[in-house]
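*Asks:* Below you'll find the structure I mean.
The values are calculated or read from the model by the stated rules, or taken from the named source; none is laboratory data. Bear in mind the structure is a predicted one, so any value in this text is a computation, not a measurement. All Cβ positions, glycine included, derive from the backbone under ideal geometry; neighbour counts span all protein chains shown. Heads up: the accessible areas ignore ligands, DNA and RNA and are worked out on the full protein's heavy atoms, side chains in. Shrake-Rupley method; radii C 1.70, N 1.55, O 1.52, S 1.80 Å.
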Amino acid sequence: MYSEKVMEHFSNPRNVGDMPDADAVGEVGNAKCGDIMKIFLKVENDIITDVRFQTFGCGAAVATSSIATEMVKGKTISEALNVTNKAVADALDGLPSAKMHCSVLAEQAIKAAITDYYEKQGIDATTHVGCDMQCDGCGAH
């Protein structure tokens, strides 16, 4: 059912843990399955120098969190924004269709952390990150 890469990242996840001195934090969840994903970023000169995650969820949620952190570490903020749920799933050699929502959470968590980073820098995040239409009553739509 799961690829060897999914099982490897679930069994031996990379970059797990809290980051008390994070420059940005993004947290997202899926109400249907109960998965919660939190990503912490350390940024220096527009480069993501360190990244950590905490995920409450199934094995696919842990694996997508793990691979997503590897995909953005060492990248610029703009490069990290190009990480899509399809790229996350492809990096794991695929996910069952019932677990694709986990790769969507990984993409959303990265974008939420980058949004937090921009806001802390006094930059309008929607200009760079865009709007995913998932806001709670922002009044813009």
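*Asks:* Want the number for Asn30 to Gln54: 0.36 nm per residue separation, take away the alpha-carbon distance, what's left?
*Replies:* The Asn30-Gln54 span can extend by a further 7.2 nm.
*Asks:* Counting only helical runs of four or more DSSP H residues, what would the 222 nm mean residue ellipticity of the chain come to if each run contributes -39,500 (n - 2.57) and the total is spread over all its residues?
*Replies:* The helix contribution divided over the chain gives -12000 deg cm²/dmol.
*Asks:* If you roll a 1.4 angstrom probe over the protein chains with everything in place, what fraction of the accessible area of the chain belongs to carbon and sulfur, to the nearest %?
*Replies:* Roughly 49 percent, rounded to a whole number.
*Asks:* Loop-only chymotrypsin sites (Phe, Trp or Tyr not before Pro) in region 3-111, please: DSSP not H, G, I, E or B, and at most 16 other Cβ atoms within 10 Å.
*Replies:* Counting only loop positions with at most 16 other Cβ atoms within 10 Å, none of the chymotrypsin sites (Phe, Trp or Tyr not before Pro) in region 3-111 qualifies.
*Asks:* Going down the list Lys5/Lys75; Lys42/Lys86; Lys32/Lys120; Lys5/Lys32, which pairs span over 28 Å between their C-alpha atoms?
*Replies:* From the list (Lys5/Lys75; Lys42/Lys86; Lys32/Lys120; Lys5/Lys32), the Cα-Cα distance tops 28 Å for Lys32/Lys120.
*Asks:* If contacts are Cα pairs under 8 angstrom and at least 6 residues apart, what is the relative contact order of the chain in percent?
*Replies:* Result for the chain is 27 percent.
*Asks:* Given Cβ point charges of +1 (Lys, Arg) and -1 (Asp, Glu) and nothing else, what value in debye, to the nearest 20, does the dipole of the chain about its Cα centre take?
*Replies:* The calculation lands at about 320 debye.
*Asks:* Next question, about the same structure. Just Val88, Val25, Val104 to compare: in a GNM of the chain, with alpha carbon springs under 10 Å, which one fluctuates most?
*Replies:* Highest fluctuation of the listed residues: Val104.
*Asks:* Additional query: Which whole-number value in Å² is the accessible area per residue of the chain, probe 1.4 Å?
*Replies:* On a per-residue basis, the chain sits at 52 Å².
*Asks:* Rank these by accessible area, largest first, 1.4 Å probe: Ser3, Ser97, Ser78.
*Replies:* Final ranking, largest accessible area leading: Ser97, Ser78, Ser3.
*Asks:* Which residue fluctuates the most in the chain, going by a Gaussian network model with Cα springs under 10 Å, if the choices are Cys58, Cys33, Cys102?
*Replies:* Among Cys58, Cys33, Cys102, the largest GNM mean-square fluctuation belongs to Cys33.
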